[in-house]
Amino acid sequence: MYQETLPLHCEGSQAYAALSLYIHDKSPEIQISERPCILICPGGGYEMTSDREAEVIALQFLAFGYHAAVLRYSVDPAVYPTALLEVGKSISYLRENAEPFGLKKDAIYLAGFSAGGHLAANYGCFWNQDFVSQSLGCHSAVLQPNGMILGYPVITSGEYGHQDSFRHLLGTEYESKKASLSLERCITEAFPKTFVWHTFEDGLVPCQNSLLLVAELVKHHIPVDYHLFTKGGHGLSLANKLTQVGDYGVEPSVEPWITLVHNWLKEYEW
């Protein structure tokens, strides 16, 4: 495996912003020459990026045969659209280096958890907007995500919204801009195919966030695979001992989500 962490800065980026790569070595004994890549945006309420939704997730996807990358994007006091542009720069870098990495150019999937799910879905809404391509100095085609994997995502700034995420994202412009980043209002036909999972018992980011998103994806005829698990609170990550915190975080009924993602991806990529 090739592993490297690269600084990744746009206008407004914090010094720690970085892209960590987890790339399978090429081997004459393995016939796979190009692999899909999963770019992961950890959660953390736009206040931090959680270790529990970073490398540990990347290594699980690596074990399934994918390349993986983790974006430690800029959070408060950085404000919108800094993190969004960092996602675009990450996808551009992966696509432009597809050949040496053995990466399928048309198989870059964006995964996000909690507020990282909002960041990923926000990018899914706006990747083709002029302000993104102009800020990054590249064509929109280079910036296109080929699919979304969203775990207990923050979506709405309305009744069921996790307002602290929007406060950290928007700073002093929270009141004036929060409605424009309530993503159930922003879905277009350019949003990529999507896998979404949530838990019914999530008391921090209610499952209505995912339900609002899924309803709009269906309305816009965007393929979606949605799983609502009965048990478990917010931020379960892998839902097993690898991401357990104290007595919290092990939920056997939820643990299969990552296998379900793999099965979904196999319909498109393997």
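Laboratory data are not the source of any read-out in this text; all were calculated from the coordinates shown. No experiment lies behind these values; they were computed from the predicted model shown. A quick note on method: Cβ atoms are made from the backbone with ideal geometry, for glycine too, and the neighbour counts reach across all protein chains shown.
Explain nothing, just the number: relative contact order of the chain, from Cα pairs under 8 Å at least 6 residues apart, as a whole percent. Write out the running numbers ahead of the final one.
Numbers: 575 pairs, mean separation 42.3, N = 270.
It comes to 16 percent, rounded to a whole number.
Under 37 °C and 0.692 mPa s, how fast does the chain diffuse according to Stokes-Einstein, given a Kirkwood radius computed over C-alpha pairs? Answer in µm²/s, whole number. Reported coefficient: 179 µm²/s.
When a/c reaches 1.5 or more, the comparison of a/b and b/c decides; with that in mind, is region 1-139 rounded, prolate or oblate per its Cα gyration tensor? Don't skip to the answer; put the middle values down first.
Details: a/c = 1.99, a/b = 1.46, b/c = 1.36.
Taking the square roots of the gyration eigenvalues as a ≥ b ≥ c, region 1-139 is prolate.
Here is the short version for the chain: C10, C37, C41, C138, C207 have no other Cys C-beta closer than 4.7 Å.
Ranked from largest, the principal axis spans of the Cα set of region 43-90 equal 35, 22, 9 Å.
Rounded to whole numbers, the Karplus 3J(HN,Hα) couplings from phi for region 73-89 are 7, 6, 10, 2, x, 5, 10, 4, x, 4, 4, 4, 5, 5, 4, x, 5 Hz, using 6.51 cos²θ - 1.76 cosθ + 1.60 with θ = phi - 60°, and x at Gly and Pro.
For region 1-98, applying the loop criterion from DSSP together with a ceiling of 16 other beta carbons within 10 Å to the chymotrypsin sites (Phe, Trp or Tyr not before Pro) yields Y16. Couplings 3J(HN,Hα) for region 120-126, derived from phi with the Karplus relation 6.51 cos²θ - 1.76 cosθ + 1.60 (θ = phi - 60°), are 4, 5, 4, 5, x, 7, 10 Hz, where x marks Gly and Pro.
Distance between the C-alpha centres of region 36-61 and region 4-18: 16 Å, rounded to the whole angstrom.
Here region 134-185 and region 221-251 have alpha carbon centers that stand 22 Å from each other. Near the amide H of R35, within less than 5 Å, lie the amide hydrogens of L103, K104, all on another chain or at least 5 residues away, with H placed in the peptide plane.
Going by how many other Cβ atoms sit within 10 Å of their own, how do E99, E184 line up, fewest first? Walk me through the numbers on the way to the answer.
Numbers: E99 9, E184 21.
In order of increasing Cβ crowding within 10 Å: E99, E184.
Phi angles across region 207-216 convert, under the Karplus curve 6.51 cos²θ - 1.76 cosθ + 1.60 with θ = phi - 60°, into 3J(HN,Hα) values of 5, 4, 4, 5, 4, 4, 5, 4, 4, 6 Hz, Gly and Pro given as x. Note on region 126-257: the alpha carbon radius of gyration divided by the globular reference 2.2 N^0.38 Å gives 1.16.
Using the empirical formula 2.2 N^0.38 Å as the baseline, the Cα radius of gyration of region 143-192 reaches a ratio of 1.25.
Close amide H partners of G147, meaning residues 5 or more places away or on another chain with modelled amide H under 5 Å apart, are L110.
Distance distribution P(r), region 71-125, all Cα-Cα pairs, bin width 10 angstrom from 0: 22, 51, 23, 3 percent.
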